[in-house]
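Colleague: The structure that follows is given in the form of structure tokens.
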Amino acid sequence: DYEWALSGAREEGLEMGLAKGREAGRVEGREEGREQGFLAGRIQTLQEILGVTVTTEDELLAQSRDELTTTLADLQQRLRDRAN
């Protein structure tokens with residue numbers, strides 16, 4: 001019957017949409033994790049160069065991307081100021 005077929009098609013479409021959404025979320029999560037790891041590594045390197053206490057990786061990875069970016073910018077500015 002038409003209603004039954006339509007219901008089945010809707011259900012299949014919903015399942016496909018959910019699967020695509022989950023995959024997109026996994027990809028986005030991996031990319032975000034890589035970016036946070038990259039920022040954390042740069043922060044730790046600058047901290048070593050500046051001779052300040054190096055923040056642990058766990059502490060850095062618990063921060064948001066915006067917090068990491070701000071910390072990195074601050075450390076870069078400190079290094080530039082030190083060079084002048």
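Colleague: Working only within the stretch 22-56, note down all residues that are small (Gly, Ala, Ser) and surrounded by 10 or more Cβ atoms within 10 Å (Cβ to Cβ).
Modeller: Residues of the stretch 22-56 that are small (Gly, Ala, Ser), as a first pass: 24-25, 29, 33, 37, 40-41, 51.
Selection gives Ala24, Gly25, Gly29, Gly33, Gly37, Ala40, Gly41.
Colleague: Let me ask something else about it. Within the stretch 47-60, does at least one residue satisfy the condition of being in contact with a helix residue (DSSP H, G or I) (Cβ under 6 Å, 6 or more places away or on another chain) and not in a helix (DSSP H, G or I)?
Modeller: Yes, the conditions are met somewhere in the stretch 47-60.
Colleague: Those residues that are part of a helix (DSSP H, G or I) and either loosely packed, with under 11 Cβ neighbours inside 10 Å or basic (Lys, Arg) (or both), I need them from the stretch 61-81; list them, please. Outline the logic, then answer.
Modeller: Here is the first cut: in the stretch 61-81, the residues part of a helix (DSSP H, G or I) are 61, 65-81.
Within the stretch 61-81, Arg65, Asp66, Ala73, Gln77, Arg78, Arg80, Asp81 qualify.
Colleague: Here are some conditions: (1) under 15 Å from Glu67 (Cβ atoms); (2) acidic (Asp, Glu); (3) over 15 Å from the mean Cα position of the chain (by Cα). Glu32 meets all but one. Which one does it not meet?
Modeller: Just one mismatch for Glu32, condition (3).
Colleague: Can you name the residue in the stretch 62-84 that is among the charged types (D, E, K, R) and within 12 Å of the chain's Cα centre (by Cα) and is also modelled with the lowest pLDDT among such residues?
Modeller: Once the filter is applied, the top-ranked residue is Arg65.
Colleague: How many of the residues in the stretch 43-66 are charged (D, E, K, R) and over 18 Å from Glu31 (Cβ atoms)?
Modeller: Matching residues across the stretch 43-66 total 4.
Colleague: What do you reckon, is Leu39 closer than 13 Å to Leu68 by Cα and assigned to a helix (DSSP H, G or I)?
Modeller: In short, yes.
Colleague: When you scan the stretch 53-61, do you find a residue that is under 10 Å from the mean Cα position of the chain (by Cα) and either under 30 Å from Asp81 (Cα atoms) or in contact (Cβ under 8 Å) with a residue 12 or more places away in the chain (or both), even just one?
Modeller: Yes: one or more hits.
The values are calculated or read from the model by the stated rules, or taken from the named source; none is laboratory data. Owing to the predicted nature of the structure, the values given are computational and were not obtained by experimental measurement. All Cβ positions, even for glycine, are placed from backbone atoms using ideal geometry, and neighbour counts span all protein chains on display.
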